[in-house]
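The values are calculated or read from the model by the stated rules, or taken from the named source; none is laboratory data. Just so you know, these numbers come straight off a predicted model, no measurement behind them. We place every Cβ from the backbone using ideal geometry, glycine too, and count neighbours over all the protein chains shown.
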Amino acid sequence: MKKPLPLLLLLVLVLGLPAAYFWIGLRAERVMEDQRLRLADQYGARVVLQEKDRGIFTGTYRYALTFDAPMPALAGAPAQPITLDLVAVVHHGPVPLTRGGFTPALAVVDTTLAPRDGTPPAAVALLEALPDLRRTTLRTTFGFSGDSRTKLAVPPAKGPVRLADGTVLDVQWQGATGTCDATADAASIDLALSVPLLVVSDKATTMTWQGLSLAGHTTLSGENLYLGDSTLTLTGLRLENAGPAGPSFALTNLEAVASNGRQNDRVDTTLTLRASGLDLKTQAKGGLDAAFSLKSLDAAALDATLGEVRRLNAQPATPEARTRELTALFLRQAGPLFSKNPRLSVDRLALTLPSGTVHASAFVAYAGEGPLPANPLESLGRFSASATARAPRATLVEILAAAGSGNPALAGPAARGQAEAVLEGLVAQGFVVREGDGLFTVADWDGKALVVNGRSLFQLPDRP
């Protein structure tokens, strides 16, 4: 007797689909494990699985996430590690579509972070003072290829935050959103972040960040070297100081654009900065327009050096020990890194003040073979450099007077008089030269002698 077709279909549904979804869950688990290993290898984050509960349609994974704080807890002491609970809820059924969308996906992972034993008190206090931050969502959608898209949503929060020294800060945060698209092997990454408004104030000052935006695209070139472009923009940055002596200013239309690319076996990097400024007390306006570049670093050596830096950063160390390690690494890798004779340049620097604009440019170039000499004087012989600066006299007086205004004895007219005296001394010694109503200076280093405005100021002794 033939079995009814409906019964066969029912058996397939009852037995086959759960098995298929369970297999999809295993596949999603392998993808997450690959990401865990990549976080540990590339960024030094320790992610340790504490427990897991894998079901047919969903799975819950609890990890302990540990990473070093960006700043040390005490001077001379290792940075206090930050430890958080990371809970990932993986959805891989019963419908193989993204939750709330219509794009086929391997799995959708909702991740939450929470304090645990070992979390620094400052981080715990922040979450207690601003409990709305606990509603932060981090959702990652994995494609069947392993590619992923992660969306970050941080809710608005507002309230007082007490620091360890007793200072109370009033924080107003309008939330943040971000996305990260990455290939399965993280060989290509696109990032975007938006923060509409953040206001932090105490009894004396108020700092406001408005319209922060970050966008970037990078691709992996080698084992550790990421190349690409990134742009940071800030609509406004405002510091208001209630005291008469404290600074109060506003920066608008701040933009920083960084780009690095590879030309055969060389890596070139550029950075441009632009911003407009306003002194809120005097209403004086200013601006900055600058461009920097670093060209012809050896790509293979840079890739290897970044790998060593990553390895060192994964190991606990005091700031002093870390500085020694990085210095030794640089001296060891300088020869290979500089083998293509790199050049660091200030291609353009224009600082505009009410009294005029300061223009400057400079470069430092390297030429040599083999390891960098241990003797600093011998190392200097491999470098050449040049710098040029030009500005109206009134602008230089304004800059020098502002630099000395922190000293009460130089406040007001005294600061300007002192600045005038300093400039006259520099002119008399030949460090700057008069040019109409302005001043300029040119300095050159050819690997043997330092010449400023045609005068030799220093020369390396002849080698035996």
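For the reader, a short list of remarks on this structure follows.
- Residue list for region 426-440, restricted to those being part of a loop (DSSP other than H, G, I, E, B) and surrounded by fewer than 16 Cβ atoms within 10 Å (Cβ to Cβ): Gly430, Gly436, Asp437
- Hits in region 329-343 - residues which are buried (at least 17 other Cβ atoms within 10 Å of the Cβ) and in contact (Cβ under 8 Å) with a residue 40 or more places away in the chain: Leu337, Phe338, Ser339, Lys340, Pro342, Arg343
- Test: Val346 is in contact (Cβ under 8 Å) with a residue 40 or more places away in the chain and in contact with a helix residue (DSSP H, G or I) (Cβ under 7 Å, 6 or more places away or on another chain): no
- If the condition is being modelled with pLDDT of 65 or more, surrounded by 14 or more Cβ atoms within 10 Å (Cβ to Cβ) and under 17 Å from Ala153 (Cβ atoms), then region 92-114 contributes Val108, Val109, Asp110, Thr111, Thr112, Leu113.
- Among the residues listed as Asp117, Asp53, the single one being modelled with pLDDT of 75 or more, farther than 30 Å from Gly307 by Cβ and exposed (fewer than 12 other Cβ atoms within 10 Å of the Cβ): Asp53
- Region 161-184 residues that are at positive phi, paired with ones that are part of a loop (DSSP other than H, G, I, E, B) and surrounded by 13 or more Cβ atoms within 10 Å (Cβ to Cβ) (beta carbon under 7 Å, 6 or more apart): Gly175/Pro155; Gly175/Pro156
- Here Leu227 meets the list (1) part of a strand (DSSP E or B); (2) surrounded by fewer than 17 Cβ atoms within 10 Å (Cβ to Cβ) almost entirely, failing just condition (2).
- Failed condition for Ala365, given (1) among the aliphatic types (A, V, I, L, M); (2) over 17 Å from Leu302 (Cα atoms); (3) over 27 Å from the mean Cα position of the chain (by Cα): (3)
- Residues that are closer than 26 Å to Ala394 by Cβ and buried (at least 16 other Cβ atoms within 10 Å of the Cβ) were ranked within region 441-464; the one that is farthest from the chain's Cα centre (by Cα) is Val452.
- Consider region 266-286 and keep the residues that are assigned to a strand (DSSP E or B), over 18 Å from the mean Cα position of the chain (by Cα) and not hydrophobic (A, V, I, L, M, F, W, C). The one that is nearest to Thr218 (Cα to Cα) is Asp268.
- Residue tally, condition aliphatic (A, V, I, L, M), surrounded by 14 or more Cβ atoms within 10 Å (Cβ to Cβ) and assigned to a strand (DSSP E or B), over region 154-184: 7
- Test: residue in region 113-123 that is more than 20 Å from Glu33 (Cβ to Cβ) and in contact with a Gly (Cβ under 7 Å, 6 or more places away or on another chain): no
- Qualifying residue in region 20-30 (condition: touching a helix residue (DSSP H, G or I) at 6+ places or on another chain (Cβ under 7 Å) and at pLDDT 80 or above): no
- Residue under evaluation Glu240, criteria (1) modelled with pLDDT of 95 or more; (2) out of contact with any Pro (no Cβ under 9 Å at 6 or more places or on another chain), criterion not met: (1)
- Region 446-460: number of residues that are of a type in the set (A, V, I, L, M) and touching a residue at least 24 places away in the same chain (Cβ under 8 Å): 1
- When region 235-264 is filtered for residues that are free of Cβ contacts under 8 Å to residues at least 24 places away in the same chain, assigned to a strand (DSSP E or B) and either β-branched (Val, Ile, Thr) or surrounded by fewer than 16 Cβ atoms within 10 Å (Cβ to Cβ) (or both), the ones remaining, listed by number, are Asn253, Gln263.
- Leading residue by the ranking (surrounded by the most Cβ atoms within 10 Å (Cβ to Cβ)) among those in region 287-307 that are assigned to a strand (DSSP E or B) and hydroxyl-bearing (Ser, Thr, Tyr): Ser296
- Number of positions in region 122-147 that are within 15 Å of His92 (Cα to Cα) and assigned to a helix (DSSP H, G or I): 0
- Put simply, of Glu398, Glu378, Glu369 the only residue that is touching a strand residue (DSSP E or B) at 6+ places or on another chain (Cβ under 8 Å) and either modelled with pLDDT under 90 or at positive phi (or both) is Glu398.
- Residue satisfying condition, being touching a Lys or Arg at 6+ places or on another chain (Cβ under 8 Å), surrounded by 17 or more Cβ atoms within 10 Å (Cβ to Cβ) and assigned to a strand (DSSP E or B), within set Thr150, Thr218: Thr150
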